[in-house]
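Below: the structure, in structure tokens.
Here, each number is a calculation from the coordinates, and none is a lab measurement. Note that this is a predicted model, so its numbers are computed, not measured. Neighbour counts are summed over all protein chains in view; Cβ atoms, including those assigned to glycine, are modelled from backbone coordinates with ideal geometry.
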Amino acid sequence: MSKPNLQLTDSQFIHGLRIGNSEVLTALYKKYYNLVLKLVVNNSGSSDAAQDIYQETIIVLFENVQKPQFELNCQLQTYIYSVAKRLWLKQLKKNGHVFLIKEDGEGEIADVTEDLSLHQQKEKDFEKVNQSLENLGEPCAALIKDFYVNKLSMDEIAEKFGYTNSDNAKNQKYKCLQRLKRYFFDNRLVEQSEIEK
Amino acid sequence: MRNTDLFDSYLNEKLNAGEKVDFESKLHSDEVFAKTFNEHSELISALRNYAEAQKLKAELKAIHSKEFGSDAKVISINKEETFAKRYGKTVMIAASTALIAVLSTIAVLSTGGYFIKKASDEISDLKKEVDGLKSTQGAIVEGIKQGAENIVKGKAAYAPANFEGSAFALNNLGYIVTSLHMINGADSVFIQNSTTERVLTKVILTDPKLDLAVLKIEDKELIKKWLVPFSFNEKLTDVGEKVFTLGYPRKDMVYGEGSLSSLSGYNNDTTMYQISIPVNPGNSGGPLLDEQGNVIGIIRGKINSAEATGFAIKSRDIIKSINLLSGDSIQVTNKRSTLKGLKRTEQIKRINPYVFNVLVY
């Protein structure tokens, strides 16, 4: 909490998020945390739960501002409060609570249904990637990530993973990718979660 | 050149103009080629989006701990109005302490007459809140109630764990194996049994694919006299063989027996056995042993729809995974089991000190 808060307008925040400015992200995070903390803690949540809900809220905002047609129809504060409230209600329901959130005069609530459904779809996609990578295991998952995400060259990969040359690394990457494809496009993955732990 | 390499070159704009034209015309003319390419680029972009989202999540966590990390933790213990009124608050604030300390506070608060019963309600409530701490769904929470019961009897020195399960020794050096789903995302993992006082362990390695975790007792004094009686049998056990397990679905160790029903588990997973032992929540992480007292697997879970059908991960795969992940630095006991030919009751007596109740906070 050392540096003073950046004073930004709503549209400056949105623009900063769009271009991935991390100072803006930090300033945004600091500005509305207490709002969401209060919401969650006043409604049967812990500060840890508030942190989770708040971070997911920021992610929802982040995902939606990436759409070129995104337009903020209300104050940013109202948007964040509305998203956080919906997310927290969902969490409460999932935990088996059935009661309403106490209103605390935060005022109007924005309609964020569409923004949340985009987020939900994304979460579903991520879960599929995550599951596939988990099934893939190591070092395959790391190798694939290094090639496609971190954009390491085959020579770098060969060195990092201890293959004798880049052709061997390439072969290994090929095998890993084929397996990943199988997992990713295989719908039976969903059924596997039926095992009760 | 393999198709995937070609795809990557195209996506990374590494093809020269002529190659690019050839590639694009093939996309138009060759349907199968186009389909494979579309799948490829779908997967790669899903992968990149995923990685980007992970990065953002990590960044937000970092911002949080930098800006608010030293703030007091707040745990809402209540939604029941009467209880709230008696305490006068809906939240308890513990200055940035670990969850366990907060839970202990509640235990202390609960020694007086009226609050005892109420407190146990609250504790099960807390469990739900704690669920939010990303503990895996479907994990087991049996222990909570017993914790509360113990408080009522006034003998609890410890807070109830968020999750409980079983674990057992891998070797004489204090390494212990258990199920990953229980301890995933945990703050701290303790173990205990009738011969070992509750002790903190360190998570050494995890294998999400097999749902395995290896823990270690750091306290050398405690393991000085360890002599694990069972050994891990890598060979496959035959269908029909009598098998048994020991675990902690309750506070006391529970014995279960049955036979090996299949060499593969759910969805024909060949890393698992199917067994006809009714396993309960809390059995996860316990050893599966054959008649001679060889460890042939670790209890993984059961299927929702079938009673008395359990699954265990095979020793063969456990050892393979541990060797791989530890770079052969963790030795698994593979000397002869010293339990061969003994009566079952005697076997259990000897195994007992090396099977643990895991308590996860």
Kindly provide the helix-only [θ] at 222 nm of chain A, computed as the sum of -39,500 (n - 2.57) over DSSP H runs of four or more divided by all residues, to the nearest 500 deg cm²/dmol?
-21500 deg cm²/dmol
Can you bin segment B:220-266 into rounded, prolate or oblate? Criterion: square roots of the alpha carbon gyration tensor eigenvalues sorted a ≥ b ≥ c, rounded for a/c under 1.5, prolate for a/b above b/c, oblate for the rest.
oblate
Quick one: net charge around B:T271, please, counting Lys, Arg +1 and Asp, Glu -1 for every other residue with C-beta under 10 Å from its C-beta.
+2
Relative to 2.2 N^0.38 Å, what does the C-alpha radius of gyration of chain A come to as a ratio? Two decimals please.
1.30
Just list whichever of B:K35/B:K57; A:K94/B:K202; A:K122/A:K151; B:K35/B:K209 have alpha carbons separated by over 27 Å in the model shown.
B:K35/B:K57; A:K94/B:K202; B:K35/B:K209
Please report, in whole Å, how far the alpha carbons of segment A:10-106 spread along each principal axis, starting with the longest.
39, 24, 24
Considering the dipole of segment B:3-64 built from charges on the beta carbon (Lys and Arg +1, Asp and Glu -1) around the Cα centre, which of B:L11, B:I63, B:L27 is farthest to its positive end?
B:I63
Calculate, in whole percent, how much of the Cα-Cα pair population of segment B:161-361 lies beyond 26 Å.
23
Could you check the spin-label model distance between B:V21 and B:S329? Points 7 Å from the Cα along Cα→Cβ, value in nm.
5.7
